[in-house]
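The values are calculated or read from the model by the stated rules, or taken from the named source; none is laboratory data. Keep in mind the model is a prediction, meaning the values are calculated, not measured. We place every Cβ from the backbone using ideal geometry, glycine too, and count neighbours over all the protein chains shown.
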Amino acid sequence: MFPIGDDNSSRRTVPLVTYALIALNVLLFLIELSGGDAFIEKWAFVPSRFLANPSVDFLTIFTSMFMHAGWVHLGGNMLYLWIFGDNVEDRSQSSICSLVLRRLLHSWLLAPDRTCRIWGHQER
């Protein structure tokens, strides 16, 4: 069973951040598809590469948040962002990106010498 929505009758705000994140994720996934492996290699977060040169690789902390391993991965993430993102945004009035940042920090702290890319929430 897949959820397709939730009751937002008590919503106080329009979830602009959620809508913007969904649009940005889809746009950047299309760019990722057209760029191929070279794009992925450049913009994916690699813990060992980051440790070797944090100032050069700093941007990948953010770019990897928008990378997905395929259409199903993108679709599943956007479905759950559509359903739950507005609730989080309404209650916290803050960006969902902090959740992804915590996930990357967790991966980096557990295995800083890891050489595989953290791309689309999967290790490659």
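Select from segment 92-109 the residues that are assigned to a helix (DSSP H, G or I) and touching a helix residue (DSSP H, G or I) at 6+ places or on another chain (Cβ under 8 Å) and write down the one among them that is modelled with the lowest pLDDT. Talk me through it step by step, then tell me what you get.
We begin by selecting, within segment 92-109, every residue assigned to a helix (DSSP H, G or I); these are 92, 97-109.
If we keep only those that are touching a helix residue (DSSP H, G or I) at 6+ places or on another chain (Cβ under 8 Å) as well, we get 97, 100-101, 104, 107-108.
On the way: C97: 58, V100: 64, L101: 66, L104: 69, S107: 69, W108: 67.
If we take residues in segment 92-109 being assigned to a helix (DSSP H, G or I) and touching a helix residue (DSSP H, G or I) at 6+ places or on another chain (Cβ under 8 Å), then C97 is modelled with the lowest pLDDT.
Sub-6 Å Cβ pairs linking a first residue in segment 49-61 that is without any contact (Cβ under 8 Å) to a residue 40 or more places away in the chain to a second residue that is in a helix (DSSP H, G or I) and among the aliphatic types (A, V, I, L, M), at least 6 apart or interchain, number zero.
Restricting attention to segment 17-48, and to residues there that are surrounded by 15 or more Cβ atoms within 10 Å (Cβ to Cβ) and free of Cβ contacts under 8 Å to residues at least 12 places away in the same chain, which single residue is farthest from L109 (Cα to Cα)? Residue satisfying both the conditions and the ranking: Y19.
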